[in-house]
Every structure is written in structure tokens, then in C-alpha cells.
Amino acid sequence: MQAAPQPQPGILDIELYQGGASKVAGHDDVLKLSSNENPVGAPESARAAARAAAEAMHLYPNTDHAGLRAAIAEVHELDADRIICGVGSDEIIHLLCQAYVGPGDEVLYPQYGFLMYAISARAAGGTPVTAPERDRIVDVDAMLAAVTDRTRLVFLANPANPTATMLGGQDVVRLADGLPDGCLLVLDGAYAEFVEDFDGGLGLAEARENVFVTRTFSKMYGLGGLRVGWGYGARAIIDVLNRLRGPFNLSNVALAAAEAAMRDRDFADRCFAENAEQRDRLRAGLLSLGIACDPSSANFVLARFASEAEALACDAFLKSQGVIVRHPRSYGLPDCLRMTVGDVAGTTRLLDALAAWRAQT
């Protein structure tokens, strides 16, 4: 019998990504606060555009994403030719690793960085490397100390997931300045829209060839189920990534919905305001119950408990009430629970459940 083919080195070292749970046995009215989704859902403008585009689902989508890139460029005042669109920002991250990382190369990211960084690094044959954080905040000095002559990509989510903390603009500039030639700083802006007057590093990417920004439509715009993201950087990098990108990676429906969502600024403004209000309310409620929680710059908070056992006990109680949050053990935070910011009713239900749990402990 012939031997089975063997995968490339590093592939079997990849730990499968686990998404947030969405069901609890015995509960039909589950409140899912485990995946940082928009509690409002997608804007009606995007839903209408998706319904209309579905009438032409027998046709191939355009390959250049011109309409969506034009909308992004208009809203953010960018050069449309320096934008690439992908299947969520995950695909952009994967393409960056595929393009610039190989065996012997290193991909650097903070201690509690997004799990896809390591997955995409290993898939390209590279080695993921982490730098320690200080009180769940990225330490620029530690990041720079971890850079070697093999470092090709440095990923920084800002605001960060799962900590919800944020690095100041001057610190980001210092990190970019400290990288050697040939090393690219990738600023993951999945949660950038939840920070007031913040461009997520787009200005840096506009001015520097060693900075690249990724964004997603899954969070603020409520299009997680359609999987749309985009990236912005130097034209030379965009040209490289487009050579790897599948020509029909985004469907007609996804392109139409994302373009409509991007242009719907009233929806984004409403979601920003409601998230900020309920985020402050949730954090204040946690602190009043004696549950530690850093200030959040995203659409979720990271609640910290006295021990992993206490975190798991709280998680189990919330599930018994039909409320699902995320236990970020895989991120190295076993004594924490990550909680998505819901709408008014969702936040009330979560806080009531937390108060009931605290009352019995």
C-alpha cells in the first residue's frame, strides 16, 4: 500500500481555531456574547443590497472589487488602488504570511495576540514568536527586544483582542520606527471603529511602506456571516497580495452588502454611540460586583476573576441562565471571561445574571 502524503512542516502544529459557542442545551432564548458580534445586526441598507444582489447569484462577481474599494476610499479618504478586499481580515492576514513568510522566518505578536497570527504563520512554514505584555497592555520595548534578523511580520491588534486594551499612537510610531528594513508592521484594526477619532493606523500606512492595516466588516458593520475584510498599504504590497488572492474570493452578495454598509454612516454612528454607552455600563456593573475589568476600547470587556476555578464557575452559572460568554484559556487568560457588549436588554440580562451568581458565592 502506498504511503499517504504528508503535509508541509508546521501544518500539524496548528491548533484548530475554536469559534465562540452559540447554543446551550435546554435554552431557546440564548444570549450569545461570545464572538463580539454587533447586537443590532447588519444595517437594513446592507440587507437590501444583499437581497438585490442575490438575484444575480448565477453570475460571477467582479474580480477587482472596484465598487467596494471606492466606497472604502471615499469614507476613509484613501487611495482605492492601495486597498485589497478579502474573506474577512483573516484572509488578508493569511495572504501576508503566505507572501512574506517562509521556513526559518519569524512572525512576532504580543503575548495575548489574536490566534490567527500563529495559525497563518505556521501555515506558511514560519515560526510564531510572542513578546510579553505588561498588565495586558502591549509592551513596545519587549516587542522590539523580540525582533531578530528572521522577523518578517509584526502583528499588533489595536485595540487588542481579547484584552480590549489599546496602545497609544506614539508607541505605535515607536514600534514602526524600531523595526529593521524588510520587516512589516501589520496593524489589525478589527475594533478600530469603536474608538472615537481613531484611524487605526491608516495614516501611518499612508505615509510608510513598512506599515500595513487590516480591517473587517464583521464587528461594527454586522456582516460576520458574509466574511468581508480589507487591507491598506503600499501599492507594491497590494500588488503582491493580489497575485495570491483568489480572483473570485468575494461573492456578489458580500460585495454589495459591504459597500452599502460602508456608505451607511448613520448606522455606524448609532452603533458607536450605543456600544460606548453599554460598554461603560457593563464595566461599571462588573466593578460594582467586585469583578476586575480593565478599561475597554472595543465592543467587549475582559472580566478578571480571582482564579480559573472562579472564572469557570461564573461561566457555568451564566450558561445555566442561557448567557454565553468566552473563556479565553487558549489565549493564556484562564482566570478571565471575555464578554461582548450587548444592547440595552442584553447588558441588563448579563448584569442580572452576574449579580445572581455573585449573590450565591
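Quick grid of which residues meet (1) without any contact (Cβ under 8 Å) to a residue 60 or more places away in the chain; (2) within 23 Å of T130 (Cβ to Cβ):
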| residue | (1), (2) |
| --- | --- |
| N275 | no, no |
| R304 | yes, yes |
| S307 | yes, no |
| A313 | yes, no |
| K319 | no, no |
| S330 | no, yes |
| T347 | no, no |
| A353 | yes, no |
| T361 | yes, no |
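On the stretch given as segment 214-247, residues that are modelled with pLDDT of 95 or more, assigned to a loop (DSSP other than H, G, I, E, B) and over 17 Å from the mean Cα position of the chain (by Cα) total 3.
Would you point out the residue of segment 307-350, among those that are hydrophobic (A, V, I, L, M, F, W, C) and surrounded by fewer than 18 Cβ atoms within 10 Å (Cβ to Cβ), that is farthest from E37 (Cα to Cα)? Please lay out each step first, then the result.
Initial filter on segment 307-350 (hydrophobic (A, V, I, L, M, F, W, C)): 309, 311-314, 316-318, 323-325, 333, 336-337, 339, 341, 344-345, 350.
From what's left, surrounded by fewer than 18 Cβ atoms within 10 Å (Cβ to Cβ): 309, 312-313, 316-317, 344-345.
Numbers: A309: 27, L312: 22, A313: 24, A316: 21, F317: 22, V344: 15, A345: 15 Å.
Ranking the candidates gives A309 first.
If I ask for residues that are among the charged types (D, E, K, R) and either in a helix (DSSP H, G or I) or within 30 Å of I14 (Cα to Cα) (or both), which ones from segment 76-104 would you list? I'd like the intermediate steps shown before the answer.
Pass one, segment 76-104, residues among the charged types (D, E, K, R): 77, 79, 81-82, 90-91.
If the condition is that a residue be among the charged types (D, E, K, R) and either in a helix (DSSP H, G or I) or within 30 Å of I14 (Cα to Cα) (or both), then D81, R82, D90, E91 are the ones that fit.
In this entry, F300 is excluded by the filter for residues that are aromatic (F, W, Y) and either surrounded by fewer than 19 Cβ atoms within 10 Å (Cβ to Cβ) or in contact with a helix residue (DSSP H, G or I) (Cβ under 6 Å, 6 or more places away or on another chain) (or both). Would you check if E91 is crowded, with 17+ Cβ neighbours inside 10 Å, outside the structural domain of L167 (by TED's automatic domain parsing), at negative phi and at pLDDT 95 or above? No, not satisfied.
Just name the residue that is nearest to R338 (Cα to Cα) out of those in segment 193-206 that are among the acidic types (D, E) and assigned to a helix (DSSP H, G or I). Reasoning before the result, please.
Step one: of segment 193-206, the residues among the acidic types (D, E) are 193, 196-197, 199, 206.
Among the residues that remain, those that are also assigned to a helix (DSSP H, G or I) are: 193, 206.
Details: E193: 19, E206: 33 Å.
So the residue we want is E193.
For A73, the conditions (1) in a helix (DSSP H, G or I); (2) touching a residue at least 12 places away in the same chain (Cβ under 8 Å); (3) under 13 Å from Y232 (Cα atoms); (4) not aromatic (F, W, Y) are fulfilled apart from (2).
Restricting attention to segment 124-149, which residues are part of a loop (DSSP other than H, G, I, E, B) and in contact with a helix residue (DSSP H, G or I) (Cβ under 7 Å, 6 or more places away or on another chain)? Steps first, please.
Taking segment 124-149 first, the residues part of a loop (DSSP other than H, G, I, E, B) are 124-126, 132-133, 135-136, 138-139, 147-149.
Across segment 124-149, the qualifying residues are A124, G126, P132.
Please state which one of Y100, Y109, Y117 is crowded, with 18+ Cβ neighbours inside 10 Å, modelled with pLDDT of 95 or more and more than 27 Å from R304 (Cβ to Cβ). Working first, answer last.
On the way: Y109 fails: more than 27 Å from R304 (Cβ to Cβ); Y117 fails: more than 27 Å from R304 (Cβ to Cβ).
Of the residues listed, the single one that is crowded, with 18+ Cβ neighbours inside 10 Å, modelled with pLDDT of 95 or more and more than 27 Å from R304 (Cβ to Cβ) is Y100.
Restricting the first member to segment 222-249 and to residues that are touching a residue at least 60 places away in the same chain (Cβ under 8 Å) and crowded, with 21+ Cβ neighbours inside 10 Å, and the second to residues that are polar (S, T, N, Q) and not in a helix (DSSP H, G or I), the beta-carbon pairs closer than 7 Å and six or more apart or on different chains are G222/N38; G229/T214; G229/T216; G231/T214. Pairs linking a residue in segment 107-119 that is more than 12 Å from D139 (Cβ to Cβ) to a residue that is small (G, A, S) and assigned to a helix (DSSP H, G or I), with Cβ atoms under 8 Å and 6 or more positions apart or on different chains, are V107/A118; V107/S120; V107/A121; L108/A146; Y109/A118; L115/S330. Please specify each residue of segment 150-192 satisfying the condition of being part of a helix (DSSP H, G or I), touching a residue at least 24 places away in the same chain (Cβ under 8 Å) and more than 16 Å from A298 (Cβ to Cβ). Those that are part of a helix (DSSP H, G or I), touching a residue at least 24 places away in the same chain (Cβ under 8 Å) and more than 16 Å from A298 (Cβ to Cβ): D171, V172, V173, R174, L175, A176, G178.
Among the criteria (1) surrounded by fewer than 17 Cβ atoms within 10 Å (Cβ to Cβ); (2) within 18 Å of the chain's Cα centre (by Cα); (3) basic (K, R), the one R134 does not fulfil is (2).
Please find, among D197, D181, the residue that is surrounded by fewer than 21 Cβ atoms within 10 Å (Cβ to Cβ), among the acidic types (D, E) and over 21 Å from A146 (Cβ atoms). Full working, then the answer.
Values: D181 fails: over 21 Å from A146 (Cβ atoms).
Result: D197 is the single residue among D197, D181 that is surrounded by fewer than 21 Cβ atoms within 10 Å (Cβ to Cβ), among the acidic types (D, E) and over 21 Å from A146 (Cβ atoms).
The values are calculated or read from the model by the stated rules, or taken from the named source; none is laboratory data. As the structure is a prediction and not an experimental result, all values here were calculated from the model. Cβ coordinates were reconstructed from backbone atoms using ideal geometry, including for glycine residues, and neighbour counts include every protein chain displayed.
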